[in-house]
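A.B. asks: One structure, pasted below without further comment.
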Amino acid sequence: MTSGGLHAVTDADGPGALPRSNGELVFRAPWESRSFGVAIALHDAGAIDYEVFRSRLIAEIAAHEQAKGAGYDGGDYYERWLDALEQVLVEQQIVSEAEIGKRAAVIAHDWAHDHDHEHHHGHDHPHS
Amino acid sequence: MSHGHDDVAVRAAALEALLVEKGLISTDAIDAVVELYENDVGPQNGARVVARAWVDDAYRERLRENGAAAIAELGYGGFEGDTMVIVENTPTVHNVIVCTLCSCYPWPVLGLPPSWYKSSAYRARVVAEPRAVLDEFGLTLAPDVEIRVWDSTAEVRYLVLPMRPPGTESLSEEELAALVTRDSMVGTGVAASPGRQAA
């Protein structure tokens, strides 16, 4: 998987280097940055309360840490982020788990027939 | 690429598509957020704040009194940066920031946190044994330097004001900003010396 919109690391030693330039990418995959962007955009639009989301995220991370023990390295941070976001949206009845599952199946089917994942954002067509 | 990652990418795409269809957010709005945090917000913002504080005593005073307001003077602020407390390093006190609960971080001045900041190892150990953790970052502090660890919360974010390196009296504010690294503002490093990069 490519690193999406991230530029090549060109100024790793540069002054005040960006987070991605210190040898670590902020987002390791496009879905991570999309999930981040979706949550912040929802907050900006007033659709969710970031603090509600954040407490859910903390709970998710804590539960995961307990399950995985001391070896937990935060590497699946954005999976927890996405889990927390889904939970908040389902609780607020903005989306249902069934809807997400159904749409995910459609997208998985599309992707299986078209490996160009990166071009699917925002214009996949529901098979309804 | 594992199946696991594919699955989560599919779920993320499904959620985004549904929310856009329902009119809650637009693809453009998501793009704008991602672009902002990837390209516009980063430690270079914090570096300008630090450099200003080094050259302008009145600004440093304002920064101490109300971090968010002083940072806003330079045009930075907004989401998650509402209450900013600046913790100042001195020859006898070294400050370091952490978020023991999750990964709260002063986004407007540092961008998004690096992966190690989010690791349970850093979050737990920097509180329990800060000197050893800093040592692993290549920062060995004299035994008489007190280390203060600041635990960020949703309400309060911290930014470390590193000490101005010696031998920088003739540098411009811009040249000084170039010495201020991300790690020096988290407290896991110090500002670079002229002509060298900090660890």
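The values are calculated or read from the model by the stated rules, or taken from the named source; none is laboratory data. Source: prediction; values computed, not measured. Virtual Cβ from ideal backbone geometry, glycine too; neighbours counted across all protein chains shown.
A.B. asks: Starting from the stretch B:16-34, take each residue that is of a type in the set (S, T, N, Q) and list its partners that are crowded, with 19+ Cβ neighbours inside 10 Å, counting only C-beta distances under 9 angstrom and pairs at least six apart or across chains.
C.D. replies: Once the first residue is of a type in the set (S, T, N, Q) and sits in the stretch B:16-34, its partners that are crowded, with 19+ Cβ neighbours inside 10 Å give B:Ser26/A:Ala41; B:Ser26/B:Val20; B:Thr27/A:His121; B:Thr27/B:Glu16; B:Thr27/B:Val20.
A.B. asks: While we're here: So, in the stretch A:82-97, exactly how many residues are out of contact with any helix residue (DSSP H, G or I) (no Cβ under 6 Å at 6 or more places or on another chain) and closer than 14 Å to B:Leu19 by Cα?
C.D. replies: Just the residues of the stretch A:82-97 that are out of contact with any helix residue (DSSP H, G or I) (no Cβ under 6 Å at 6 or more places or on another chain), to begin with: A:86, A:89, A:91-94, A:96.
If we keep only those that are closer than 14 Å to B:Leu19 by Cα too, we end up with A:86, A:89, A:92-94, A:96.
Final tally of qualifying residues: 6.
A.B. asks: Could you please find all residues in the stretch B:98-124 being over 19 Å from A:Glu60 (Cα atoms) and out of contact with any Asp or Glu (no Cβ under 9 Å at 6 or more places or on another chain)? Before the answer, list the steps.
C.D. replies: First, the residues of the stretch B:98-124 that are over 19 Å from A:Glu60 (Cα atoms): B:106-112, B:114.
Those that are over 19 Å from A:Glu60 (Cα atoms) and out of contact with any Asp or Glu (no Cβ under 9 Å at 6 or more places or on another chain): B:Val109, B:Leu110.
A.B. asks: Among the residues of the stretch B:106-121, how many are in contact with a strand residue (DSSP E or B) (Cβ under 7 Å, 6 or more places away or on another chain) and within 11 Å of chain A (Cβ to nearest Cβ)? Step through it out loud before you land on a result.
C.D. replies: Residues of the stretch B:106-121 in contact with a strand residue (DSSP E or B) (Cβ under 7 Å, 6 or more places away or on another chain): B:106, B:109.
The next check asks that each one be within 11 Å of chain A (Cβ to nearest Cβ); those that pass are B:109.
Count: 1.
A.B. asks: Is there any pair with a first residue in the stretch B:115-132 that is in a helix (DSSP H, G or I) and a second that is polar (S, T, N, Q) whose Cβ atoms are under 6 Å apart and which are 6 or more apart or on different chains, and what are they?
C.D. replies: That search, which allows pairs on different chains as well, returns B:Lys118/B:Ser103; B:Arg123/B:Thr100.
A.B. asks: OK, next. Of everything in the stretch A:79-104, what is among the β-branched types (Val, Ile, Thr) and either more than 10 Å from chain B (Cβ to nearest Cβ) or part of a helix (DSSP H, G or I) (or both)? Give them in sequence order. If you could, list the steps in order and put the result at the bottom.
C.D. replies: First pass over the stretch A:79-104, keeping only residues among the β-branched types (Val, Ile, Thr): A:88, A:90, A:94-95, A:100.
Passing the criteria: A:Val88, A:Val90, A:Ile100.
A.B. asks: For B:His94, all conditions in the list (1) of a type outside the set (A, V, I, L, M); (2) surrounded by fewer than 21 Cβ atoms within 10 Å (Cβ to Cβ); (3) not in a helix (DSSP H, G or I) hold save one; what is the number of the exception?
C.D. replies: B:His94 satisfies all of (1) of a type outside the set (A, V, I, L, M); (2) surrounded by fewer than 21 Cβ atoms within 10 Å (Cβ to Cβ); (3) not in a helix (DSSP H, G or I) except (2).
A.B. asks: Do we have B:Asp151 as over 15 Å from the mean Cα position of the chain (by Cα) and within 27 Å of A:Glu65 (Cα to Cα) here? Steps first, please.
C.D. replies: Values: over 15 Å from the mean Cα position of the chain (by Cα): no; within 27 Å of A:Glu65 (Cα to Cα): yes.
Against the criterion (over 15 Å from the mean Cα position of the chain (by Cα) and within 27 Å of A:Glu65 (Cα to Cα)), B:Asp151 does not qualify.
A.B. asks: Does B:Arg131 meet the test of being within 10 Å of another protein chain (Cβ to nearest Cβ) and either crowded, with 21+ Cβ neighbours inside 10 Å or closer than 28 Å to A:Glu65 by Cα (or both)? Write out each step before concluding.
C.D. replies: Values: within 10 Å of another protein chain (Cβ to nearest Cβ): no; either crowded, with 21+ Cβ neighbours inside 10 Å or closer than 28 Å to A:Glu65 by Cα (or both): yes.
Considered against the rule, which asks whether it is within 10 Å of another protein chain (Cβ to nearest Cβ) and either crowded, with 21+ Cβ neighbours inside 10 Å or closer than 28 Å to A:Glu65 by Cα (or both), B:Arg131 comes out as no.
A.B. asks: Follow-up question, since we're still on this one. Looking only at the stretch B:146-167, decide whether some residue is part of a loop (DSSP other than H, G, I, E, B), among the β-branched types (Val, Ile, Thr) and at pLDDT 95 or above. Can you show your working first?
C.D. replies: Pass one, the stretch B:146-167, residues part of a loop (DSSP other than H, G, I, E, B): B:152-156, B:162-167.
If we keep only those that are among the β-branched types (Val, Ile, Thr) as well, we get B:153, B:156.
Next cut, at pLDDT 95 or above only: none.
No, that holds for no residue.
A.B. asks: Within the stretch B:36-85, can you find the residues that are surrounded by 14 or more Cβ atoms within 10 Å (Cβ to Cβ), closer than 13 Å to B:Gly111 by Cα and modelled with pLDDT under 85?
C.D. replies: Hits for the stretch B:36-85 are B:Leu36, B:Tyr37, B:Glu38, B:Asn39, B:Val41, B:Gly42, B:Gly77, B:Phe79, B:Glu80, B:Gly81.
A.B. asks: Give me the pairs, please: first residue somewhere in the stretch B:62-76 and without any contact (Cβ under 8 Å) to a residue 40 or more places away in the chain, second residue anywhere and of a type in the set (Ser, Thr, Tyr) and outside any helix (DSSP H, G or I), beta-carbon distance under 7 Å, and either six or more positions apart or on two chains.
C.D. replies: Within 7 Å, the pairs are B:Ala68/B:Thr83.
A.B. asks: For B:Thr153, indicate whether it is farther than 30 Å from A:Ala39 by Cα and either in contact (Cβ under 8 Å) with a residue 12 or more places away in the chain or not charged (D, E, K, R) (or both). Show your work before the answer.
C.D. replies: Values: farther than 30 Å from A:Ala39 by Cα: no; either in contact (Cβ under 8 Å) with a residue 12 or more places away in the chain or not charged (D, E, K, R) (or both): yes.
Against the criterion (farther than 30 Å from A:Ala39 by Cα and either in contact (Cβ under 8 Å) with a residue 12 or more places away in the chain or not charged (D, E, K, R) (or both)), B:Thr153 does not qualify.
A.B. asks: Here's another thing I want to ask about it. So which residues in the stretch A:44-78 are facing chain B (nearest Cβ under 8 Å) and modelled with pLDDT of 90 or more?
C.D. replies: Residues satisfying the conditions are A:Ala45, A:Ala47.
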